[in-house]
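See below for the structure under consideration.
What follows is calculated from the coordinates using simple rules that are stated; it is not laboratory data. Please read all numbers here as calculations on a predicted model, not as lab measurements. So basically every Cβ, Gly included, is an ideal-geometry build from the backbone, and we count neighbours across all protein chains shown.
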Number of protein chains: 2
Amino acid sequence: MRGNNYLIINKLKDLGLEISFEERTDFIGFKVKPLVIVYPQGEDDVINIVRLAREFRISIVPWGAGTSLTGAVSCDGCILLDMRRMNKILEINTIDWYVRVQPGVVLDDLNKELSKYGFFFPPDPASHYMCTVGIIATDAGGMRALKYGTVKDWVLALRVVLPTGEVIKVGEPLKKNRTGYDLVHLFVGSEGTLGIITEAWLRIIPLPKRKVQTLIVYLDDMETLAKFVYEVRRRGIMPELMEYMDPYAINAVNQAFNSGLKVADGGLVIIMIEEDLIDELLNIRINGLNIVTINEEGARRIYELRSRAGEAIKAVYGSFYSEDITVPISRLAEAIIRLKELGDKYRKPMPILAHIGDGNMHPHILYKPGEEELAQRMYYEVARIAIELGGTISGEHGIGLQKRELLYEQYLVRNNIKTLEVMKNIKRLFDPNDIMNPNKYIY
Amino acid sequence: MRGNNYLIINKLKDLGLEISFEERTDFIGFKVKPLVIVYPQGEDDVINIVRLAREFRISIVPWGAGTSLTGAVSCDGCILLDMRRMNKILEINTIDWYVRVQPGVVLDDLNKELSKYGFFFPPDPASHYMCTVGIIATDAGGMRALKYGTVKDWVLALRVVLPTGEVIKVGEPLKKNRTGYDLVHLFVGSEGTLGIITEAWLRIIPLPKRKVQTLIVYLDDMETLAKFVYEVRRRGIMPELMEYMDPYAINAVNQAFNSGLKVADGGLVIIMIEEDLIDELLNIRINGLNIVTINEEGARRIYELRSRAGEAIKAVYGSFYSEDITVPISRLAEAIIRLKELGDKYRKPMPILAHIGDGNMHPHILYKPGEEELAQRMYYEVARIAIELGGTISGEHGIGLQKRELLYEQYLVRNNIKTLEVMKNIKRLFDPNDIMNPNKYIY
């Protein structure tokens, strides 16, 4: 095997590819120990690397910015494909409303460029300032997902290098296109297990023209939070954004960024809503609710603070696993009580950030070195709350390494193992040698 | 084989299934000559029928309301699954914003029921008054697709009987759910080739609260139409609806429904737009444009007339094939010129209806008995215009029987035959005996 490794590295060198040798750690702390890191400059490089991997049956893992929250880019002995050299914006089309990009483009760079034309790409994971367009592979969400959906709603077409080294283009840069099976959405969220995305056509839209008002809702307790969100849904109110930070998270933000946010016992909800819809929201009367409207400067600041809350939690509390459950809004109250009980049981703070309008919650499971196993146990228990309440173990972060067993559990509890079998068959169909990000996701 | 047929029919009877024997014609005129028609009452019936079909290697074709515009439900000697007995609305959830339905529910019945709760299911194919929820299988679009997308954007989860007779549930009734490959979108638009949908969880939203103004834009000529749509896009204006009828279509509507619409040489565009966005639209200055705002009663009437324009064309001009090309908005002007040249070449009227805001056009190829071949040739030529202009042969009607070869052509021209191969492999994976709506779609 060692001999093969030398051979692989030499062949990569012969192909004129830029390579390096180093270990990496992803955002959450998962170890990435590649045999070699390769930096493809274009699709042809990717094809050559995949062919080589196929020949030597060595696994390939693509890396964008390492912002995975599930260990999806961890590996041991793989070829790590660092996609950041493929970072060109190839075309901005302001009539057909799409942008054609390479996967290594940083999301904020894309939106900065688009804003010059009066356009934007709505998905905004909290890591927007560092993550790349490669987030297609996880179907990332973000704060604006409440209004705009997740990445899957914005991908029109893809070029993909298959595990055979062949290239396909799926989809067309057209909003309406009904020519055969929807393979675009098979690749979106497939976490590098079916192929390597080398180009993407993303739908873009004009920057919003309507005035949006930002509100902060302070909550006396967690029960009030559940009642409030329920009421927003019951009344059919559709904000742009509805983000939750619990008191632990607010504390972290206050400490890390000296932001001086009020720490209400039930935390706070940030709401952005188009001005003409605001009255309906202000009509909600629940005890323990304190709704404050804020100005534009304050709105920008609170959006920024919410974006960087994960960073703040890391700085203040140390390492964490970020859970990603979604529960039906109708079960939100129960979910919150169960999460609180769990925190009490382990006597650990569990900062919660949530895209609360969609029932998507990120309890942060803190751990110190050596506590990984305990943390993993808590992580499982959180996920099981979602499963029991008819929710799901992942709303937007995906499965990766960390949720493989949980994925199985969810399908088992739902009496739906056959669906997993179908997924495995699809994986086998695309990647019979199991070289694409193996041992993760569906396995 | 004849002996087998008796056996199949007797076995269906033994299962206590309601059956009948008749030939049918779909909306477009394709013949449906089943061996037997079966009317399943629930999922168990579907399972039994699929198992029988598998045992005897006989094909199964599901039928909702026969509104396919591509011969997708035509067959000769199949078991026709008439799904209209499975027409229950099983659950309306106004907190989690979904509805759970059987596939035989008529779309207008669904929306009538939802409206009692202040909700709706946005996709509105022109056949909304007769088509069933089974339109999931074509990923139907409609007039509101400009704002709301097509059916694919509204399906959360499905129960599907696979060709093996096994049942899977794909997706969850949650807006955010990232647990494995997106199989929901593999089934949406798969035209009955991968399995039979027995239950669907559809996303619903509150009825719009903002006031919408309807405008009719009369156009002096077709070039003005292209300029106008281009300008709407360039300015980043987002109407709710933007529908086109050409002079032939207007004539048909006037004759069939005595509607007295003005017949401008370039036809007319119906626009619905939220009131606060209207000024931007009225600011567009192009020669040959006459924009008229109409009242609510007029708005309802013109929406109804546009919905039934296909029916009117059939009544006035006789049989037709409905094309369904989509072209990039940036190529719309060229497309319109090419279509006009084609009509002139064949010296036939070719009424055009179009969801023009998305570049999705339905030229209607008229034919009299005996002219089917000529019509099919024109149909191909229309589709080829779309292919050449970087568009697609189908925006929302799908492939069925009629566009099999065109599908191949499009992928060939785009240098993308490998993608078709992948699709074929998926079909084979799900349906190795090729019993589900065979010889159509990808074949």
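Things to note:
- Calculated from the alpha-carbon coordinates, region A:171-256 shows an Rg and a Dmax of 20.2, 53 Å respectively.
- For chain A, convex hull volume per residue from C-alpha positions, Å³: 148
- With neighbour counts taken as other beta-carbon atoms within 10 Å, the residues A:Phe187, A:Phe119 rank, fewest first, as A:Phe119, A:Phe187.
- Cα-based reach from A:Lys262 at 12 Å (exclusive), listing aspartates and glutamates while leaving out same-chain residues under 8 positions away: A:Asp220, A:Asp246
- Label-point separation, B:Tyr6 to A:Gln255 (7 Å along Cα→Cβ), nm: 8.4
- For B:Gly3, the distances from its label point to the matching points in the remaining copies are 6.3 nm, ordered from shortest, with each point set 7 Å beyond Cα toward Cβ.
- Each Cα pair of region B:86-206 feeds into the Kirkwood radius, which the Stokes-Einstein equation turns, at 4 °C and 1.567 mPa s, into a diffusion coefficient of 91 µm²/s.
- For chain A, share of DSSP beta bridges that run antiparallel, in % to the nearest 5: 85
- A simple rule links phi to the HN-Hα coupling: the Karplus curve 6.51 cos²θ - 1.76 cosθ + 1.60 with θ = phi - 60°, which for region B:294-301 gives 10, 7, 4, 4, x, 5, 4, 5 Hz, with x for Gly and Pro.
- Annotation: extensible slack from A:Ile89 through A:Phe56 equals 8.6 nm (criterion: 0.36 nm per residue apart, minus Cα-Cα distance).
- Relative to the 2.2 N^0.38 Å rule of thumb, region B:67-148 has a C-alpha radius of gyration ratio of 1.17.
- In nanometres and ascending order, the distances from the A:Arg300 label point to those of the other copies are 4.8 (point 7 Å from Cα along Cα→Cβ).
- Spacing of the two label points (7 Å from each Cα toward its C-beta) at A:Ile337 and B:Ser115, in nm: 3.9
- Once the Cβ-Cβ distance of A:Glu297 and B:Asp276 is raised to the sixth power relative to R0 = 35 Å, the FRET efficiency obtained is 0.90.
- Region B:1-110: C-alpha gyration tensor shape, a/c 1.5 cut-off, then a/b vs b/c: oblate
- By the compact-protein rule of thumb, 2.2 N^0.38 Å, the alpha-carbon radius of gyration of the protein assembly as shown corresponds to a ratio of 0.95.
- Vicinal HN-Hα couplings computed from phi for region A:262-269 (Karplus, 6.51 cos²θ - 1.76 cosθ + 1.60; Hz; Gly/Pro x): 5, 9, 6, 4, x, x, 9, 10
- With the alpha-carbon atoms of region A:21-77 aligned to their principal axes, the span from lowest to highest coordinate is 31, 21, 20 Å, starting with the largest.
- For the segment B:163-176, counting C-beta atoms of other chains within 10 Å of every residue's C-beta and taking the mean gives 6.
- Look at where the Cα atoms of region B:330-378 and of region A:293-354 average out, and the two centres are 55 Å apart.
- Counting only lysines at least 8 places from A:Lys440 when in the same chain, those with an alpha carbon closer than 21 Å to its own are A:Lys31, A:Lys33, A:Lys152, A:Lys403, A:Lys418, A:Lys424, A:Lys427, B:Lys176.
- Remark: label point of B:Ile19 defined 7 Å out from Cα along the Cα-Cβ vector; separations to the same position in other copies 6.6 nm, ascending.
- Two-site FRET efficiency, B:Asp108 against A:Thr25, from Cβ-Cβ distance with R₀ of 51 Å, rounded to 0.05: 0.35
- A DSSP coil position with no more than 16 other Cβ atoms inside 10 Å describes the following chymotrypsin sites (Phe, Trp or Tyr not before Pro) in region B:1-59: B:Phe21.
- Compactness of region A:264-327, expressed as Rg and Dmax over alpha-carbon positions, Å: 15.1, 42
- R0 of 60 Å, Cβ-Cβ distance A:Val413-B:Lys368: FRET efficiency to nearest 0.05: 0.50
- Distance histogram for region A:347-443 (every C-alpha pair counted, 10 angstrom bins, percent rounded to whole numbers): 14, 40, 31, 14, 1
- Summary of the geometry: region A:194-237 and region B:1-49, compared by the centres of their Cα atoms, lie 47 Å apart.
- Residues whose amide H lies under 5 Å from that of B:His362, counting only those 5 or more places away or on a different chain, are B:Leu353, B:Ala354, B:His355; hydrogens are built 1.01 Å from N in the peptide plane.
- Note on B:Ile365, B:Ile417, B:Ile196: ascending count of other Cβ atoms within 10 Å places them as B:Ile417, B:Ile365, B:Ile196, the fewest first.
- Listed residues B:Val253, B:Val161, B:Val292, most fluctuating in chain B (Gaussian network, C-alpha, under 10 Å): B:Val292
- Closest approach of a chain A Cβ to the axis relating A and B (residue, whole Å): A:His185, 2.
- DSSP beta bridges in region A:4-84 [antiparallel fraction, %, rounded to 5]: 30
- Seen from a random direction on average, the alpha-carbon convex hull of region B:339-382 projects onto 3.1 square nanometres.
- Using alpha carbons only: equivalent-ellipsoid semi-axes of region B:212-398, gyration tensor based, whole Å: 26, 20, 13
- Residue-averaged [θ]222 nm for chain A, counting only DSSP H segments that reach four residues, each worth -39500 (n - 2.57): -10000 deg cm²/dmol
- Fully extended contour minus Cα-Cα distance, from A:Lys424 to A:Asp14, at 0.36 nm per residue: 144.1 nm
- For region A:57-63, putting each phi into the Karplus relation 6.51 cos²θ - 1.76 cosθ + 1.60 with θ = phi - 60° gives couplings of 6, 10, 7, 10, 10, x, 10 Hz, in residue order, rounded to whole numbers and with x for Gly and Pro.
- Least to most buried among B:Glu23, B:Glu199, A:Glu113 (fewest other Cβ within 10 Å first): B:Glu23, A:Glu113, B:Glu199
- Distance between the pseudo-spin-label points of B:Ala315 and A:Asp76 (7 Å out from Cα toward the beta carbon): 7.3 nm.
- Considering only the protein assembly as shown, percent of DSSP beta bridges that pair antiparallel, nearest 5: 85
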